[in-house]
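Structure first, commentary second.
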Amino acid sequence: MIEASYHFPRGFLWGCATASHQVEGNNTNNTWYWWEQQPGKILNGDQSGLACDWWGGRWREDFDRAASGNQNAHRMSIEWSRIQPTPDRWDEDALDYYREMLQGLYERKLTPLITLHHFSEPIWFLENGGWENDQAVDIFAKYVRKVVEAIKEYVNLWVTFNEPNLYVALGYVQGIWPPGKTDLKSAFQVARRLILAHAQAYQIIHSLQPEARVGLAHHFLALQPAVSWSPLDRLATSLLQTTLNEMITNPLKSGKMNLILYQSRIPQAKGTQDFLGLNYYTRSTVAFDLRKADEMFARRFFPENAELSDAGHIANDPLGFAEALRWANSFNLPIIITENGVNDIEDRLRPRYILQHLHQLWRAVNFNFPIKGYFHWSLVDNFEWERGWTQRFGLWALDLKTQQRTRRPSANLYADICRENGITSAMVEKYAPSLFDQLFPA
């Protein structure tokens with residue numbers, strides 16, 4: 001048997017990603033709690049409830065799991081509604097609790113990557129108009145300044161917004177996330193304010209912490225036309241690429257929003273990324289469909305032979321990841337994979353998914369792409385937004401009734417990868433032998 005390995009650069013970051021509302025529990029003052037109380041908004045009527053009980057202290061045992069799994073970093077978010085429960089009050093106890101969590105990461109030698117906005121906001125912010133309010137950018141800036149001043153001694157890697165493109169698409173176009181709007185004009189205006197808020201946050205962080213590195217976590221959906229020679233399929237693919245993948249990112253490079261239905265100059269946004277955070281899960285095939293106006297006339301689906309996750313939401317498509325990496329590299333910035341993973345309660349697909357995607361990541365590194373780290377989604381099963389508890393992304397399974405964690409085989413695989421700082425033929429033989437000839441051809 002061939003004995004070989006693929007190694008990553010020294011100092012590469014290996015970790016998992018989490019988000020406050022999805023893991024903390026008893027978070028009753030934000031927009032997602034408000035959304036959960038409305039009938040029909042969450043699959044099966046699920047509620048986040050205790051989530052992973054991090055606000056009750058179970059972050060300690062989960063950080064221990066990350067550290068014992070040879071991880072050297074962790075991505076987590078700060079919950080705005082805990083820090084600023086009302087417009088005129090800051091909760092110093094909540095800030096102290098986050099400091100304690102960050103100290104816990106430090107003690108376990110886990111480098112923190114902190115997200116300031118991961119889909120959730122205080123209910124009062126929504127009641128005041130949310131991102132449709134002209135004052136929203138300045139309101140968010142005050143929150144950013146408060147948080148950064150409080151925890152900067154522990155953090156120098158910051159994500160301002162997680163997947164602002166999805167936030168806009170699902171909350172203001174399709175209406176399946178809070179605030180539940182279906183208004184394209186509002187969507188574009190909100191996107192512009194999110195870009196402005198990111199740019200202002202970038203300047204605030206650097207004014208308080210000049211050595212900090214600041215970026216966004218971009219959701220990239222790889223796309224391919226159903227019929228490569230079809231003008232309509234190619235048009236639908238191009239429209240979706242422009243709006244979903246580039247609406248937020250291009251202004252950070254050019255200072256301009258230049259969409260078919262909306263143009264705006266945002267010069268202060270140009271150059272406000274020190275790294276590009278890339279979230280990748282899958283690739284979709286696109287066919288033109290007049291019935292899909294809210295998705296730029298694009299009907300998305302997976303090929304018939306695709307290897308699918310539970311409920312069919314993600315196709316295992318590592319070549320789509322290679323496409324995402326090439327796109328990210330076009331920004332000429334350091335790249336951090338801020339999310340990548342698959343929902344798989346039986347843990348049958350996940351080992352192959354991890355190994356195949358990391359093999360593509362290794363290939364990109366060896367083409368001198370400046371990739372600095374990889375954060376798997378996720379450490380423990382958590383509340384998956386409008387899909388509730390139906391999707392299980394964790395390396396560790398979670399029993400909602402008992403809060404017991406159970407190690408999945410992929411947790412062992414990822415621990416081996418983190419320890420080795422790479423992939424070995426022995427790992428593939430042990431965890432995904434069907435991939436051996438593909439990853440280590442004779």
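The values are calculated or read from the model by the stated rules, or taken from the named source; none is laboratory data. Note that this is a predicted model, so its numbers are computed, not measured. Cβ placement follows ideal geometry from the backbone for every residue including glycine, while neighbour counts extend to all protein chains displayed.
Scanning region 248-287 for residues that are surrounded by fewer than 24 Cβ atoms within 10 Å (Cβ to Cβ) and small (Gly, Ala, Ser) gives 254, 255, 264, 271, 284, 287.
Which of the strands (runs of 3 or more DSSP E) found entirely inside region 299-404 contain at least 2 residues meeting this: in contact with a Cys (Cβ under 9 Å, 6 or more places away or on another chain) and modelled with pLDDT under 95? Full working, then the answer.
Numbers: elements: 335-339, 371-376, 396-398.
In region 299-404, no matching strands (runs of 3 or more DSSP E) lie anywhere.
Residues that are of a type outside the set (A, V, I, L, M, F, W, C), closer than 16 Å to residue 132 by Cα and touching a residue at least 60 places away in the same chain (Cβ under 8 Å) within region 169-184 comprise 178, 179, 180, 182, listed in sequence order.
Filter region 259-277 down to the residues that are assigned to a strand (DSSP E or B), farther than 18 Å from residue 327 by Cβ and in contact (Cβ under 8 Å) with a residue 60 or more places away in the chain and list them by number.
Filtering region 259-277 for residues assigned to a strand (DSSP E or B) gives 263-265, 276-277.
Filter again for farther than 18 Å from residue 327 by Cβ, leaving 263-265.
Within region 259-277, 264 is the sole residue that qualifies.
Pairing each residue of region 278-290 that is over 14 Å from residue 317 (Cβ atoms) with any residue that is of a type in the set (D, E, K, R) and outside any strand (DSSP E or B), provided the two are 6+ apart or on different chains, yields C-beta distances under 7 Å for 279/163; 287/233; 288/233. Among the residues of region 14-24, are any within 23 Å of the chain's Cα centre (by Cα) and surrounded by fewer than 20 Cβ atoms within 10 Å (Cβ to Cβ)? No, region 14-24 contains no residue that is within 23 Å of the chain's Cα centre (by Cα) and surrounded by fewer than 20 Cβ atoms within 10 Å (Cβ to Cβ).
Test residue 120 against the criterion of being buried (at least 21 other Cβ atoms within 10 Å of the Cβ) and at pLDDT 95 or above, and give yes or no. Walk me through it before giving the result.
Numbers: buried (at least 21 other Cβ atoms within 10 Å of the Cβ): yes; at pLDDT 95 or above: yes.
Against the criterion (buried (at least 21 other Cβ atoms within 10 Å of the Cβ) and at pLDDT 95 or above), residue 120 qualifies.
Which one is nearest to the chain's Cα centre (by Cα), of the residues in region 47-94 that are under 23 Å from residue 130 (Cα atoms) and in a helix (DSSP H, G or I)? It comes out as 80.
Listed residues 166, 102, 110; which is touching a residue at least 12 places away in the same chain (Cβ under 8 Å), under 20 Å from residue 204 (Cβ atoms) and either touching a strand residue (DSSP E or B) at 6+ places or on another chain (Cβ under 9 Å) or not basic (Lys, Arg) (or both)? Show your work before the answer.
Details: 166 fails: under 20 Å from residue 204 (Cβ atoms); 110 fails: under 20 Å from residue 204 (Cβ atoms).
Going through 166, 102, 110 in turn, just one is touching a residue at least 12 places away in the same chain (Cβ under 8 Å), under 20 Å from residue 204 (Cβ atoms) and either touching a strand residue (DSSP E or B) at 6+ places or on another chain (Cβ under 9 Å) or not basic (Lys, Arg) (or both): 102.
Just checking, does region 161-180 include any residue being of a type outside the set (Phe, Trp, Tyr), at pLDDT below 95 and either over 19 Å from the mean Cα position of the chain (by Cα) or over 24 Å from residue 116 (Cα atoms) (or both)? Looking for residues that are of a type outside the set (Phe, Trp, Tyr), at pLDDT below 95 and either over 19 Å from the mean Cα position of the chain (by Cα) or over 24 Å from residue 116 (Cα atoms) (or both), one finds at least one in region 161-180, hence yes. Regarding region 412-425, can at least one residue be identified that is crowded, with 23+ Cβ neighbours inside 10 Å, free of Cβ contacts under 8 Å to residues at least 60 places away in the same chain and either aromatic (Phe, Trp, Tyr) or assigned to a loop (DSSP other than H, G, I, E, B) (or both)? No, that holds for no residue.
The single condition among (1) surrounded by fewer than 24 Cβ atoms within 10 Å (Cβ to Cβ); (2) outside any strand (DSSP E or B); (3) modelled with pLDDT of 95 or more; (4) among the aliphatic types (A, V, I, L, M) that residue 290 does not meet is (3).
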